[in-house]
1. Regarding segment 4-227, what's the average projected area of the Cα-atom convex hull, expressed in nm²?
2. For V218 and S85, compute 0.36 nm times the residue count separating them, minus their Cα-Cα distance, and round to one decimal in nm.
3. Cα to Cα, under 29 Å, and not fewer than 8 places away if on the same chain: which lysines meet these conditions relative to K129?
4. How do the peptides 52-60, 204-212 rank, highest first, by the average count of neighbouring beta carbon atoms within 10 Å per residue?
5. Explain nothing, just the number: dipole magnitude of segment 105-166 about its Cα centre with +1 on each Lys and Arg Cβ and -1 on each Asp and Glu Cβ, in debye rounded to the nearest 20.
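Quick note: the coordinates plus some simple rules give every number you see, no bench work behind them. Remember, it's a predicted structure, so these values are computed and weren't measured experimentally. Positions of Cβ are backbone-derived with ideal geometry, glycine not excepted, and every protein chain shown enters the neighbour counts.
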Amino acid sequence: MMPATDAALLLTALATGMLGSTHCVGMCGGISAALSFALPENKRHGASLFGYQLAYNLGRIGTYALLGVVVGTLAHGVLGGWATSPWPRVFAGVFMVVLGLYLAGWWMGLRKIEGMGGGLWTHLGPLRKAVLPVDRPWKALVAGGVWGFLPCGLVYSALALALARADSLVSGGVMLAFGLGTLPVLLLTGTFAARVRSLLQQSGARQIAGLLVIVFGVWTAAEPLLMRHMKHGSHGAMPASHGQHTMPVADPAMPARGPMTDHSQHPHDSGHSGHH
């Protein structure tokens with residue numbers, strides 16, 4: 001059975017993906033729409049369009065899951081015992097708060113972190129061109145896989161959550177859950193680009209999403225610290241409970257004997273009456 005902490009981490013990643021979709025619409029929505037327009041004319045409608053968009057997004061989510069496995073494996077090897085402490089979760093929570101501020105438009109510091117992945121994205125340029133035109137489903141899958149490496153603060157925040165677990169399987173699951181959270185909006189964006197983008201790009205929607213991500217971030221950071229405090233509190237109470245058993249308890253079935261016997265309490269005892 002999955003530990004409650006892992007389940008909570010997966011749900012947080014899923015919620016982050018869903019709430020962060022307001023950012024996806026602005027950054028990835030244009031790519032999704034462009035991929036649709038890159039299709040042959042006879043495949044830009046109906047079920048065919050939906051199938052290609054699904055292939056794009058499955059490729060993207062596959063890249064996220066792979067990145068999660070890599071991050072979890074590296075974290076397990078590099079962090080060592082520190083991986084089981086509360087601090088990776090605290091780091092992930094702080095990162096989520098920064099993401100929430102970014103989504104709401106209240107502080108744009110996350111853009112500096114997004115720029116860190118620009119070099120890799122540039123190097124992937126030849127591969128992006130190699131799959132064009134996207135006229136086969138497998139090309140859509142590869143194009144989506146490359147798309148998953150697009151520099152994105154939202155993805156980096158999810159990777160911080162994956163890092164908090166430092167386990168290849170669970171970290172990969174965290175990124176998979178995050179990717180699935182982004183799937184509905186990006187599927188709609190690729191199919192009904194203009195309508196969805198105009199709705200989700202409104203400042204009110206972005207601010208509500210950002211505020212909810214901040215709440216998730218505060219909870220993610222605070223929960224392991226509270227658990228640690230409660231554990232230390234329960235350990236501190238242990239000596240007092242042991243102290244209650246320091247006095248031996250007499251067994252009522254055993255007769256009193258030795259120096260503890262008070263003979264003066266038995267004046268009619270025939271064995272001692274001659275000594276009074």
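1. 12.0
2. Working: separation 133, 0.36 × 133 = 47.88 nm, distance 1.72 nm.
Gain on stretching V218 to S85: 46.2 nm.
3. Excluding near neighbours in sequence, the set is K43, K112, K139.
4. Details: 52-60: 23.0, 204-212: 16.9.
Answer by packing, highest mean first, reads 52-60, 204-212.
5. On the way: 7 positive and 2 negative charges, 12 e Å.
Dipole size: approximately 60 debye.
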